Amino acid sequence: MNANPIPQHAVDRLKGLRNANHPGGIFTSDFSVNEFLLVRKAGFEPVGLCLGSCIYHVGIQYALWNSSREMEVLSQAMYSARELAMSRMREEAQSMGADGVIGVRLEVKRMEWNAHVLEFVAIGTGVVHATGHQGFKGVKGQPFTSDLSGQDFWTLLHAGYRPLEMVMGSCVYHVARQGALKSMANVGRNVELTNFSQALYDAREIAMERMQHEALQAGAEGVVGVDLHEGSHAWQPHIIEFFAVGTAVKPITTEQDASIIPDPQLVLSVNS
C-alpha cells in the first residue's frame, strides 16, 4: 500500500461509479466507441477511469565526457517514479472493484519551474468481468494492467490469452563524445561512429532485458505490444533514456492449442 492515501476528491468520485452495490451510478472511460463495444463483447464492463500521479525530483549524476556508461541514479529515479504512478492507479482500480485496467498510458512531463522535477502520470480504464469471474486478476490477485487497446484486448481474449500486467524497463545512458582529432578526421567522410552505435545499442538492450525480467517474475509466457521510447527529458547533451514497456500475457488455460486460434480479420480504418 502506498504511503500517500487516495485523495478525498478521488474517493468521492469513485463512490459515484457504477458497481454491484451502486447500480444507479455511471461509468467513465477513455474508450472509443469501438473499444467500448468490443470490451463489452469480451465479457467485461467498464467501471471508471483510474489515475495515478507522482511529482518526482530527479537527482544529479555526472559522467566523464569520453565515457559511455549507464547513469544508475537517473535510471532508478525514472523507474521508481513510474512505478509509484502505476501503483496508485492500480490502487484506484482496486478501490472501485475492478478486475483490471485497459489502455494504460504512461506520460512524463517536465515541470517548467524546475528542470529536475518531472510529473509521471498513469491513466487507464478499470474494467470488471460481467459475471464476476475472478480468474482474470493479475499478479498476486491485484487488478491486471495492460496498455492494449480495447480492440487488442478483445482479440487477445478471443485467442485464448489474458493480460497479467504492464512490464517495463528503463535505462538512462551517457553517450561518450568523440575526441577533437577523431571528429576532424571524419569531416567529409562516410563513416560509422562506432562509439555512438555501441552506446545506444547497449542502452536499448539494458532496458529490454529489464522489461523481460519483470515478465519472468510475473509468470508470463511472453510480452505483446512492446514499445521502445527514446527521450532526453531536457538532461545534459549526450544523456538519453530508453524506456521499454509492454503487456505480459499468459494462456487462459494451461494447454493452449494454436490450431483453434481464430484467423485475424482485416479491418480498414475510415479515419482521415
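Since every read-out is calculated from the coordinates, none of them should be taken as a lab result. This one's a predicted model, so the numbers in the text were calculated from it and none came from an experiment. Note that we place each Cβ from the backbone using ideal geometry, even for glycine, and neighbour counts take in every protein chain shown.
Scoring 198-211, 74-87, 159-172 by mean Cβ neighbours within 10 Å over their residues and listing the highest first yields 159-172, 74-87, 198-211. Loop-located chymotrypsin sites (Phe, Trp or Tyr not before Pro) across the range 97-159 with a Cβ neighbour count of 13 or fewer within 10 Å are Trp113, with loop assigned by DSSP. Taking 0.890 mPa s as the viscosity and 25 °C as the temperature, the Stokes-Einstein diffusion coefficient of the range 8-252 based on its alpha-carbon Kirkwood radius rounds to 125 µm²/s. Each Lys or Arg adds one and each Asp or Glu subtracts one; over the other residues with Cβ under 13 Å from the Cβ of Val175, this totals -1.
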